[in-house]
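Novice: The structure under discussion is supplied below as structure tokens; questions concerning it will follow.
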Amino acid sequence: MLYDVIILGSGPAGLSAAVYAQRARFQTLVIEEKPMSGGQILDTYEVDNYPGLPGITGFELGQKFREHADQTGAEFVNERVKEIQIEGDKKLVITNKAAYETRALILATGARHRKLMVPGEEKFTGMGVSYCATCDGAFFRGKCVAVVGGGDVALEDALFLARGCEKVYLIHRRDEFRGARILQERVKETENIELVLNSTVAEIRGVEQVSSLLVHNHMEETEQELEVQGVFIAVGIQPNTTAAEAIVEQDEQGYIIAGEDTKTSVPGVFAAGDVRTKQLRQVITAAADGANAITSVERYLSGQ
């Protein structure tokens, strides 16, 4: 079977694209390797900046997106993409279970959490080291924890954890945060959040679980050991481009080079959501990318 468009990934970008593709009456297939649609928003406790749905949880929003796509009749398969081949005007997507042919391809594979790459991180992952405060925060109620990072996610994680933890250390390598001003103000006003600036984590320590962090202050050239039972790492994301890295052009950080029209360096291949080069990576911009991608697909297919 030859599909009009295949969408890789079912986060906000992929699901938005699926809805618009069905409205365009395209023969559409969505391939998702994870057992549940929604992408990174599934790890977000509360989404307070998506218009019209203030206070909705990330899980609920992800499910609403998927339900909408299901209602349009979009076809989904739960498979892992192994290879993408470009054969003229046709694209072949090979998964761990089958091979699918399509006229147009949308890469909406999202991104994953970056790691600190310090001693103890791998050893204690799941044993005190977490990349999702909203997923694992409840396990540390009444305890001392640390958050590492300086962007919106790190600030939000610190605020979230401060609601139930005895103390939260917020460790950042610079003396100023990159996150939104309103979040910075809230963090500084929260009594049980202690800022540890100009500092990086040198080692995560423990026996069977995390018990402390060795933190290096690179301004004063000093080290201190913080007693914590958990550390939440929020130092950014890496684009999931493994299957497409030999196909389309990427920037030095690995993001697929594509503008608002989502066109990549390969005709008929489009990139939407967190996986592409863009100024802002949020649910609303990912959903917009999905719509733009289908508009570009329509123009591409009509020109064939």
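Every number here is computed from the coordinates shown, using simple stated rules; none is lab data. As the structure is a computational prediction, the values presented were derived from the model and not from experiment. Note that we place each Cβ from the backbone using ideal geometry, even for glycine, and neighbour counts take in every protein chain shown.
Novice: Which value in deg cm²/dmol, rounded to the nearest 500, describes the helix-derived mean residue ellipticity at 222 nm for the chain, given -39,500 (n - 2.57) per DSSP H run of n ≥ 4 and division by the residue count?
Specialist: One gets -7000 deg cm²/dmol as the mean residue ellipticity at 222 nm.
Novice: Hey, another quick one. Could you put Leu214, Leu107 in order, starting from the residue whose Cβ has the fewest other Cβ atoms within 10 Å?
Specialist: Going from least to most buried by this count: Leu214, Leu107.
Novice: Which three numbers, in whole Å and largest first, are the semi-axes of the equivalent ellipsoid of the chain derived from its Cα gyration tensor as √(5λ)?
Specialist: Numbers: eigenvalues 307, 75, 59 Å².
Result for the chain: semi-axes of 39, 19, 17 Å.
Novice: How much length is gained on full extension from Arg141 to Asp251, taking 0.36 nm per residue of separation minus their Cα-Cα distance? Please report the intermediate quantities before stating the final value.
Specialist: On the way: separation 110, 0.36 × 110 = 39.60 nm, distance 4.07 nm.
Gain in length upon complete extension: 35.5 nm.
Novice: With a 4.7 Å Cβ cut-off, tell me which Cys residues in the chain come up empty for a partner.
Specialist: Cys144, Cys165
Novice: Specify whether the C-alpha gyration tensor of segment 129-233 places it in the rounded, prolate or oblate class, a ≥ b ≥ c being the square roots of the eigenvalues: rounded for a/c under 1.5, otherwise prolate if a/b is larger than b/c and oblate if not.
Specialist: Details: a/c = 1.76, a/b = 1.03, b/c = 1.70.
It is oblate, given that a/c is not under 1.5 and a/b is not larger than b/c.
Novice: Moving on to the next point. Using a Gaussian network model of the chain with C-alpha springs under 10 Å, which one of Val283, Val231, Val118 is most mobile by mean-square fluctuation?
Specialist: Val118
Novice: If you count the DSSP beta bridges with both ends in segment 129-233, what percent of them are antiparallel, to the nearest 5?
Specialist: Antiparallel bridges: around 45 percent, rounded to the nearest 5.
Novice: Which distance in Å, rounded to a whole number, links the C-alpha centroids of segment 244-299 and segment 100-152?
Specialist: Between the Cα centres of segment 244-299 and segment 100-152 lies a distance of 23 Å.
Novice: Report the residue, chosen from Gly73, Gly39, Gly128, that carries the largest GNM mean-square fluctuation when the chain is represented by alpha-carbon nodes joined by springs under 10 Å.
Specialist: Gly73
Novice: Still on this model: Give me the extension gain from Ser265 to Glu225: residue separation times 0.36 nm, minus the current Cα-Cα distance, reported in nm with one decimal.
Specialist: Here the answer is 9.6 nm.
Novice: Suppose the chain between Glu67 and Glu83 were pulled fully straight at 0.36 nm per residue; how much longer would it get relative to their current alpha carbon spacing?
Specialist: Working: separation 16, 0.36 × 16 = 5.76 nm, distance 2.84 nm.
The Glu67-Glu83 span can extend by a further 2.9 nm.
Novice: Which parts of segment 195-228 would a label at Asp175 reach, counting a residue when its backbone N lies under 11 Å from a point 7 Å out along Cα-to-Cβ?
Specialist: 198, 219-220
Novice: In the structure displayed, which of Lys64/Lys167; Lys167/Lys278; Lys90/Lys278; Lys123/Lys167 lie more than 32 Å apart, Cα to Cα?
Specialist: With Cα atoms farther than 32 Å apart: Lys64/Lys167; Lys167/Lys278.
Novice: Something else now. Just to be sure I understand: with springs between alpha-carbon atoms less than 10 Å apart, which residue in Ala272, Ala74, Ala17 has the highest mean-square fluctuation in the Gaussian network model of the chain?
Specialist: Ala74
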